[in-house]
Amino acid sequence: MKKSTLFIFLLFALTACVNTTKTDNAQQEWAPVKINGQLQVKGRFMCNEKGDTISLRGVSFGWHNLWPRFYNAETVKWLKNDWKCSVLRAAMGAYSGVEDGYLVNPEFALKTVEKVIKASIEEDIYVIIDWHAHEFYPELAKEFFGSMARKYGKHPHVIYEIFNEPTHEHFWPEIKVYAEEVIAEIRKYDPDNIIVVGTPHWAQHVDIVAEDPITGYDNIMYSLHFYAASPLHQVPLRERLQKAIDLGLPVFITESSGCEHTGNGKLDIPEWTKWIEYLEANRISWVSWSISNKNETCSMILPRGSYEGGWDTDVIKPTGVQSREYIRFYNTTDRNYENLR
Ligand code: MG
């Protein structure tokens, strides 16, 4: 080997080595909470401890009572390291319309959901404790969130979502009363972690809420859910969101997908991409629905995929492949994580 060839060879070897080390470090150090710390809401924006505007991006587990087997530390670890999620959502079924939920089996619900909460804290990732209901249970919700706040309120990782999707039969004045009661209970024990409030009509009427938001508490956000393949969830829903953010409402997309609003039907990637680009341009956090293996479009994993992460792309369904791609792209190019690259 000539001297100059050897030199070029060594240079390549050295560069490869540096790149590998860099990638390894990035994988080891994907630590969203270490970087952002205690979250806060300033104006309509989610901000980190320093006050910089940030976006969280990640996935929601499916109903805990239908897919409890995904609720474990290995899956949390995989979603953090391979999908590069900065937030996960534990969807605790608390609704009479489903079997074996919190209403009838609270012990199992807590055991299941707490596996994800604890693993998320361990993995340094944000976690939404979601009261996955379509009905009001104010006393139960207060008891549950009071206990969660006592137990986890000291951890910056935790976000409370107190009512997943009010339906078309729930109007803002009654949701607001419910939310104020649950928020007051959480704030007895946890003065600061973010609380997300559900909005009317399956979490779609942020515009109505923006005209009469909850006052007297800090760090409150409001949820909007979209399913991009349904025409009513495209321009009309984005217009409602635009109205809400123009009025200064802090919005968090705690559920979304590229399929139809039923969770099934076709997958519309161009419309989904329009949504994600809009959210990114407006610094709005978003979560995709869901880690489950049901025979429907929004469900991300095939039945033969493991319950403990480690998924090759051949066991991830198209919605999951696309979610992973959006999450990895936007999280790893986010300016808040520059020091990881
Ligand atoms: Mg706290």
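The values are calculated or read from the model by the stated rules, or taken from the named source; none is laboratory data. Owing to the predicted nature of the structure, the values given are computational and were not obtained by experimental measurement. Cβ placement follows ideal geometry from the backbone for every residue including glycine, while neighbour counts extend to all protein chains displayed. These area figures cover heavy atoms from the full protein model, side chains too; ligands, DNA and RNA do not enter into them. Shrake-Rupley method; radii C 1.70, N 1.55, O 1.52, S 1.80 Å.
Here are some notes:
- Residue pairs meeting the criteria (Cβ under 9 Å; at least 6 apart or on separate chains; first under 25 Å from Glu260 (Cβ atoms), in segment 237-248; second open to solvent by 90 Å² or more (accessible area, probe 1.4 Å) and in a helix (DSSP H, G or I)): Arg238/Lys274
- Filtered by the rule that a residue be away from the ligand (no atom under 13 Å from the Cβ), β-branched (Val, Ile, Thr) and either open to solvent by 50 Å² or more (accessible area, probe 1.4 Å) or part of a strand (DSSP E or B) (or both), segment 190-220 gives Val196, Val197, Ile208, Thr215, Ile220.
One line per residue, one yes/no per condition, for (1) within 16 Å of the ligand (Cβ to nearest atom); (2) modelled with pLDDT of 95 or more; (3) surrounded by fewer than 21 Cβ atoms within 10 Å (Cβ to Cβ); (4) in a helix (DSSP H, G or I):
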residue: Leu103; (1), (2), (3), (4): no, yes, yes, no
residue: Glu114; (1), (2), (3), (4): no, yes, yes, yes
residue: Ile121; (1), (2), (3), (4): yes, yes, yes, yes
residue: Ile128; (1), (2), (3), (4): yes, yes, no, no
residue: Lys142; (1), (2), (3), (4): no, yes, yes, yes
residue: Phe145; (1), (2), (3), (4): yes, yes, no, yes
residue: Arg150; (1), (2), (3), (4): yes, yes, yes, yes
residue: Asn164; (1), (2), (3), (4): no, yes, no, no
residue: Pro173; (1), (2), (3), (4): no, yes, yes, yes
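- Any hit, segment 323-338, residues being over 20 Å from the mean Cα position of the chain (by Cα) and modelled with pLDDT under 95: yes
- Evaluated against (1) open to solvent by 10 Å² or more (accessible area, probe 1.4 Å); (2) of a type in the set (A, V, I, L, M); (3) within 15 Å of the ligand (Cβ to nearest atom), Ala184 falls short on exactly one condition, (3).
- Subset tally (residues that are in contact (Cβ under 8 Å) with a residue 40 or more places away in the chain and either crowded, with 21+ Cβ neighbours inside 10 Å or over 14 Å from Trp30 (Cβ atoms) (or both)) for segment 302-337: 13
- Test: residue in segment 250-267 that is open to solvent by 40 Å² or more (accessible area, probe 1.4 Å), in contact with a Cys (Cβ under 6 Å, 6 or more places away or on another chain), more than 16 Å from the ligand (Cβ to nearest atom) and hydrophobic (A, V, I, L, M, F, W, C): yes
- Residue within segment 237-249 that is modelled with pLDDT of 95 or more and closer than 24 Å to Val76 by Cα present: no
- Only residues that are open to solvent by 10 Å² or more (accessible area, probe 1.4 Å) and part of a strand (DSSP E or B) were counted across segment 275-291, and they come to 1.
- With respect to the conditions (1) buried (at least 20 other Cβ atoms within 10 Å of the Cβ); (2) touching a strand residue (DSSP E or B) at 6+ places or on another chain (Cβ under 9 Å); (3) not hydrophobic (A, V, I, L, M, F, W, C), Tyr137 lacks only one, and its number is (1).
- Contacts under 7 angstrom Cβ, first residue in segment 188-217 being at pLDDT 95 or above, partner within 16 Å of the ligand (Cβ to nearest atom) and open to solvent by 70 Å² or more (accessible area, probe 1.4 Å), 6 or more apart: Tyr189/Arg150
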